[in-house]
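The structure appears below as structure tokens.
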Amino acid sequence: MELRENGKRDALDILFAALAATLATLLLVLVFALIVRWTAPGDSALLAGNCAIRVIAVAAGVLIAFRRPAGGAAKGLIAGVLYYLVTLLVLSAADGFKNAYFSAVDLICSAAGGAVAGVLAVNLKGRRRRG
């Protein structure tokens, strides 16, 4: 029975992490849009900025949402992939699905950022909580 409860808690951690990361992305995209408008960077800077937004957002979501100190890398990786899929849907819908495209670089950034943040989230001493 405990295994089932832990599985539910892990699933909720992943879902909440993806949703918190999506909200963080929306805020970071607005800030990045202002920076792009003022500075007019090149394409490589836009790609790096987009990847940085994804890593920062998924790390924030994972650090906020993970409560059970187990399976950090796996849960973070899954949260990163789920986050990528949710943001792909949300940002494509905001554009009217005109420029919806899958990016392997963004998926890798999201998944790797989630995995690293998951490891940090479950191993930081002050973050260990029961639940």
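The values are calculated or read from the model by the stated rules, or taken from the named source; none is laboratory data. Here the structure is a predicted model, which means the values were calculated and not measured. When we count neighbours, we look across all protein chains shown, and the Cβ atoms used for this are built from the backbone with ideal geometry, even at glycine. We work out accessible area using only protein heavy atoms, side chains counted, and drop any ligands, DNA or RNA first. Shrake-Rupley method; radii C 1.70, N 1.55, O 1.52, S 1.80 Å.
Numerical summary
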| quantity | calculated |
| --- | --- |
| Lys/Arg +1, Asp/Glu -1 at C-beta; the chain dipole; positive extreme among A59, N99, G49 | A59 |
| Loop-resident sites, region 64-101, for chymotrypsin sites (Phe, Trp or Tyr not before Pro), counting at most 15 other Cβ within 10 Å (DSSP) | F97, Y101 |
| Helix axis angle, 2-39 relative to the chain longest principal axis, alpha carbon, degrees | 20 |
| Per residue value of the accessible surface for the chain (all protein chains in place, 1.4 Å probe), Å² | 60 |
| Prolate/oblate/rounded call for the chain, Cα gyration tensor, a/c under 1.5 rounded | prolate |
| Net charge of neighbours whose Cβ lies under 14 Å from the Cβ of V116, counting Lys and Arg as +1 and Asp and Glu as -1 | +2 |
| Only Lys, Arg (+1) and Asp, Glu (-1) charged, at Cβ; the chain dipole about Cα centre in debye | 620 |
| Residue-count net charge about I78 - beta-carbon cut-off 11 Å; Lys, Arg +1, Asp, Glu -1 | -1 |
| Gain on full stretching of the segment that runs from I108 to L47 - 0.36 nm per residue minus C-alpha separation | 20.7 nm |
| Rounded tilt (10° steps) of 72-94 against the dominant C-alpha axis of the chain | 40 |
| Heavy-atom accessible surface of region 22-131: percent carbon and sulfur, 1.4 Å | 72 |
| Helix-only [θ]222 nm of the chain, DSSP H runs n ≥ 4, -39500 (n - 2.57) each, per residue, nearest 500 | -28500 deg cm²/dmol |
| Folded to 0 to 90 degrees: helix 104-123 orientation relative to the chain principal axis, Cα | 40 |
| Residues L15 and V36, FRET efficiency given R0 of 30 Å [Cβ-Cβ distance, rounded to 0.05] | 0.45 |
